[in-house]
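The values are calculated or read from the model by the stated rules, or taken from the named source; none is laboratory data. Since the structure is predicted, the reported quantities are computational estimates derived from the model, not experimental observations. A quick note on method: Cβ atoms are made from the backbone with ideal geometry, for glycine too, and the neighbour counts reach across all protein chains shown.
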């Protein structure tokens, strides 16, 4: 894809979906776009954009192709074990009810995993606030419905968790209704929309891998400002926050960062 064609694609994608491709690493994004165009049956981007004009379903398909929706319940179990055993007890000692945000929640595996963990730690009567956001409306619809999730996506869950929090459904499993009610889902563009503040825990894992370094740093700065002092940011297994101290963080474990006291912006 030459420079002129990529500029056309960036303009049209921003106009149609609200996603700014300037925030993403060019090489990886062009590779993904090339695969998408080949599968679309069109020979060039001009004819593709002409064909989808006014077609909401095709525009949604384009938007979906630009987001990452690969996940599973209790993904990286050892990290969630560390969260449950080491970090959440500290947070719950300070506040009996927590404000939690799953940023880039895809189809809901992550926020439902967090709801399961908090349910096991504090019981069903604590009114924790669990916010889950994503830019992909189709993924959010699946998350709100609680699935269905295929067997391979629930494989990490212990049998007692599976029987307590999910029920058999065509195509796999569905999250039980009472657990679904504990999560608030909302459409949000992390690069454009305002953030809520005062969170005790923010989970933003494997969302930034295609972003440029500058965009990553700005996002981590904004996420930090959304944490209360002492709050925890949980990132992906391969993600390291550069100059974390300058952004107001201190390490709290591998892939975990704590917002330093006295650094929350009001």
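When residues in region 137-156 are screened for being touching a strand residue (DSSP E or B) at 6+ places or on another chain (Cβ under 8 Å) and either surrounded by fewer than 16 Cβ atoms within 10 Å (Cβ to Cβ) or farther than 15 Å from residue 168 by Cβ (or both), 7 of them pass. Only residues that are part of a helix (DSSP H, G or I) and farther than 21 Å from residue 135 by Cα were counted across region 1-11, and they come to 6.
Taking residues in region 53-64 that are touching a residue at least 40 places away in the same chain (Cβ under 8 Å) and in the same structural domain as residue 19 (by TED's automatic domain parsing), and partners anywhere that are surrounded by fewer than 15 Cβ atoms within 10 Å (Cβ to Cβ) and assigned to a helix (DSSP H, G or I), the pairs with Cβ atoms closer than 7 Å and at least 6 places apart or on different chains are 60/137.
Note on region 12-114: enclosed helices (runs of 4 or more DSSP H) holding 1 or more residues that are more than 28 Å from residue 166 (Cα to Cα) and in contact with a strand residue (DSSP E or B) (Cβ under 8 Å, 6 or more places away or on another chain) are 88-94. Condition test on residue 87, is it in contact with a helix residue (DSSP H, G or I) (Cβ under 7 Å, 6 or more places away or on another chain), touching a residue at least 12 places away in the same chain (Cβ under 8 Å) and buried (at least 18 other Cβ atoms within 10 Å of the Cβ)? No: the conditions fail for residue 87. Evaluation of residue 92 against the conditions (1) touching a residue at least 24 places away in the same chain (Cβ under 8 Å); (2) more than 21 Å from the chain's Cα centre (by Cα); (3) over 18 Å from residue 203 (Cα atoms) shows that the sole unmet condition is (3). Residues in region 1-51 that are closer than 24 Å to residue 192 by Cα, surrounded by fewer than 17 Cβ atoms within 10 Å (Cβ to Cβ) and more than 26 Å from the chain's Cα centre (by Cα): 6, 7, 8.
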